[in-house]
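Asker: Once you've had a glance at the structure underneath, I'll fire off some questions.
FYI, it's all coordinate maths here, none of it is from the lab. The structure presented is a predicted model; accordingly, all values stated were derived computationally and were not measured. Please note: Cβ atoms are built from the backbone with ideal geometry, for glycine as well, and neighbour counts cover all protein chains shown.
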Amino acid sequence: MESKAYLNYVRIAPRKVSVVLDLIRNKPADLAMAILKHTPKAACEPLSKLLKSAMANAENNHNMDVSRLYVASCSVSQGPTLKRIRPRAQGRAYRINKKTSHITLVLKEME
């Protein structure tokens, strides 16, 4: 039995999210929450909300024991890129790519 939660179109680069996901992969859910709370990265806030959502899904939809949950798998893929333009000297323009992420989190119960 597994519980999934998705977070789409997050305005943070997938590369920055994957650094934090590597910290919590295969960890118990309560330890993963503590790691996210004490890690000074921008991706930690949306990831902690996603982890809370996955834990609530497990408890309410699948009748799983919250104390025995662990992060079975977590992944991030790139969403659409928002293209913006920054004015530069002599009438030129530089492109700024604002990347988005799609994050998937899967919780399972320990045996």
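Asker: Kindly indicate the residue of the stretch 81-111 that is within 30 Å of Met64 (Cα to Cα) and of a type in the set (Ser, Thr, Tyr) and also farthest from the chain's Cα centre (by Cα) among those meeting that condition. Steps first, please.
Answerer: At the first step, the residues of the stretch 81-111 found to be within 30 Å of Met64 (Cα to Cα) are 101-111.
Then drop every residue that is not of a type in the set (Ser, Thr, Tyr), which leaves 101, 104.
Working: Ser101: 8, Thr104: 7 Å.
Checking each candidate, the answer is Ser101.
Asker: Further, regarding this structure: Can you find a residue in the stretch 87-102 that is touching a Pro at 6+ places or on another chain (Cβ under 7 Å), among the hydroxyl-bearing types (Ser, Thr, Tyr) and within 11 Å of Ile12 (Cα to Cα)? Working first, answer last.
Answerer: Let us first name the residues in the stretch 87-102 that are touching a Pro at 6+ places or on another chain (Cβ under 7 Å), namely 93, 99-101.
Next, only the ones that are among the hydroxyl-bearing types (Ser, Thr, Tyr) stay: 100-101.
Applying the additional criterion that residues be within 11 Å of Ile12 (Cα to Cα) yields 100-101.
Within the stretch 87-102, one or more residues are touching a Pro at 6+ places or on another chain (Cβ under 7 Å), among the hydroxyl-bearing types (Ser, Thr, Tyr) and within 11 Å of Ile12 (Cα to Cα).
Asker: Assuming Gln78 fulfils every condition listed in (1) surrounded by fewer than 16 Cβ atoms within 10 Å (Cβ to Cβ); (2) polar (S, T, N, Q); (3) touching a residue at least 24 places away in the same chain (Cβ under 8 Å); (4) out of contact with any helix residue (DSSP H, G or I) (no Cβ under 7 Å at 6 or more places or on another chain) apart from one, which condition is it?
Answerer: Exception for Gln78: condition (4).
Asker: Taking the condition of being closer than 28 Å to Leu51 by Cβ and either of a type in the set (A, V, I, L, M, F, W, C) or in contact with a strand residue (DSSP E or B) (Cβ under 6 Å, 6 or more places away or on another chain) (or both), how many residues in the stretch 68-96 meet it? Quick ask: steps written out before the conclusion?
Answerer: Going through the stretch 68-96, the residues closer than 28 Å to Leu51 by Cβ turn out to be 68-82.
If we keep only those that are either of a type in the set (A, V, I, L, M, F, W, C) or in contact with a strand residue (DSSP E or B) (Cβ under 6 Å, 6 or more places away or on another chain) (or both) too, we end up with 68-77, 79, 81-82.
Residues that pass the stated criteria total 13.
Asker: When you scan the stretch 28-38, do you find a residue that is charged (D, E, K, R), in contact with a strand residue (DSSP E or B) (Cβ under 7 Å, 6 or more places away or on another chain) and surrounded by fewer than 16 Cβ atoms within 10 Å (Cβ to Cβ), even just one? Write out each step before concluding.
Answerer: Step one: filter the stretch 28-38 for residues charged (D, E, K, R), giving 30, 37.
Next cut, in contact with a strand residue (DSSP E or B) (Cβ under 7 Å, 6 or more places away or on another chain) only: none.
For the stretch 28-38, residues charged (D, E, K, R), in contact with a strand residue (DSSP E or B) (Cβ under 7 Å, 6 or more places away or on another chain) and surrounded by fewer than 16 Cβ atoms within 10 Å (Cβ to Cβ): absent.
Asker: Counting only residues that are touching a residue at least 24 places away in the same chain (Cβ under 8 Å) and part of a strand (DSSP E or B), how many does the stretch 83-111 have? Break it down into steps so the answer makes sense when it comes.
Answerer: Taking the stretch 83-111 as the starting set, the residues that turn out to be touching a residue at least 24 places away in the same chain (Cβ under 8 Å) are 98-110.
Right, trim to part of a strand (DSSP E or B) and you get 98, 101-109.
Qualifying residue count, the stretch 83-111: 10.
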